[in-house]
Amino acid sequence: MVVDTEGYDSLIEYLTENLGVFESQGEPIGTESIDDIVHDLVATDIMAICEQNPDLSSQVRFLILREADKIVEDLNMILEGVWSHQPSAEQVMFLEDYIGLIKNLFDSELVALR
């Protein structure tokens, strides 16, 4: 659906170009790890996609969930050195924006399916 698209490849490239955001520790906020933050953000966006598209078939919902798992895997692989660290405010903002861009890919794909 989105993982095997040029848009997703571009977002992975964007992430790797901005790894500097994760190189400095900064002042951690909260007690959650980057792992926790990523899972929460992805889950929230997937729930929003499903709520915004109540007519999605079970098959499409399952595909979206599988892709979400793949996206988290990719983020884990790229951010493995800091995956268990507590993020700074800058890192959380980057992750929120980045995962929002991924949601936009899903939104665009779902519009194209109609």
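The values are calculated or read from the model by the stated rules, or taken from the named source; none is laboratory data. What you are looking at is a predicted structure, and each value in this text was computed from that prediction instead of being measured. Glycine gets a Cβ as well: all are built from the backbone with ideal geometry, and neighbour counts include every protein chain shown.
Observations, loosely collected:
- Once region 13-36 is narrowed to residues that are loosely packed, with under 12 Cβ neighbours inside 10 Å and of a type in the set (Gly, Ala, Ser), the residue that is farthest from Gly81 (Cα to Cα) is Gly30.
- Any hit, region 81-98, residues being surrounded by 16 or more Cβ atoms within 10 Å (Cβ to Cβ) and of a type in the set (Asp, Glu): no
- Residue ID - nearest to Leu56 (Cα to Cα), chosen from residues in region 1-45 that are part of a loop (DSSP other than H, G, I, E, B) and polar (S, T, N, Q): Thr5
- Out of Gly81, Gly7, Gly20, Gly26, sole residue that is over 12 Å from the mean Cα position of the chain (by Cα) and at positive phi: Gly26
- Residue within region 43-54 that is surrounded by 14 or more Cβ atoms within 10 Å (Cβ to Cβ), among the acidic types (Asp, Glu) and at pLDDT 95 or above present: yes
- A residue that is over 16 Å from Leu105 (Cβ atoms), crowded, with 16+ Cβ neighbours inside 10 Å and touching a residue at least 12 places away in the same chain (Cβ under 8 Å) occurs nowhere in region 57-71.
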